[in-house]
1. Specify which of the listed residues (F153, F122, F149) is of a type in the set (F, W, Y), modelled with pLDDT of 90 or more and within 22 Å of S38 (Cβ to Cβ).
2. Please find, within the stretch 77-114, the residue that is surrounded by the most Cβ atoms within 10 Å (Cβ to Cβ) out of those that are without any contact (Cβ under 8 Å) to a residue 40 or more places away in the chain and in a loop (DSSP other than H, G, I, E, B).
3. Going by what's in this entry, would I71 be described as hydrophobic (A, V, I, L, M, F, W, C) and part of a loop (DSSP other than H, G, I, E, B)?
4. Taking the stated definitions as given, is T64 over 15 Å from F89 (Cβ atoms), surrounded by fewer than 19 Cβ atoms within 10 Å (Cβ to Cβ), at pLDDT 80 or above and among the β-branched types (V, I, T)?
5. Scan the stretch 50-61 for residues that are in a helix (DSSP H, G or I) and surrounded by 12 or more Cβ atoms within 10 Å (Cβ to Cβ) and jot them down.
6. Residues of the stretch 23-49 being of a type in the set (V, I, T) and not in a strand (DSSP E or B), which ones?
7. Does at least one position in the stretch 134-143 carry a residue that is of a type in the set (S, T, N, Q) and modelled with pLDDT of 90 or more?
8. Quick check on G20: is it small (G, A, S), on the phi > 0 side of the Ramachandran plot, touching a strand residue (DSSP E or B) at 6+ places or on another chain (Cβ under 9 Å) and part of a loop (DSSP other than H, G, I, E, B)?
Amino acid sequence: MSYSIEQQLSNDFDILLWDGIKLIHIATAGGILPPKLSETENDFKQQIREVYRYRRVFSIIQNTNLERGNITDLKNYLTFFSYMSIRGFYSYDKVNIDDVEDQTYQLISRPNYNRNVHIVKFSNEIQPLERLRYPLNTRINLIQTNREFPGDFNEFNLIDFI
């Protein structure tokens, strides 16, 4: 299942990645995806449904200094990103949602990894995350990034990391 340009432009995909250190969630805002993401066999909607089942809860840190012309209610905007961070994901959003080709993203919310978690992938191979301890049995086939995603709230180009 690769994603056509029409699908990419008409959907705000929530994509789950792993950078070897942390769990990553990105919201695409209907933008064009980098080839590694658009050509994947992953079912993004099924992956998010799997995350909904997670019971673990992390304390989180939010980016409250966002400058976006499309945010009318910051608390409402932060809700889903916070939800993902509570479940252990660093949650990023596209900065300029009006430009489908712009690949600028920014961290919106992140967990405070205060205990250990392991990722059990389809192959039953256990992938430890730094500073994580409790097992996370998941059916999610996480896409591996090329390098570690930024952990600060500065803007970055997604292409540099995928």
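1. F149
2. R87
3. Judged against the criteria, I71 is a match.
4. Yes.
5. E50, V51
6. Across the stretch 23-49, the qualifying residues are T28, I32, T40, I48.
7. No, every residue in the stretch 134-143 fails to be of a type in the set (S, T, N, Q) and modelled with pLDDT of 90 or more.
8. yes
The values are calculated or read from the model by the stated rules, or taken from the named source; none is laboratory data. Computed from a predicted model, the values in this text were never measured in an experiment. Quick reminder, even Gly has a Cβ in these numbers, built from the backbone with ideal geometry, and neighbours come from all protein chains shown.
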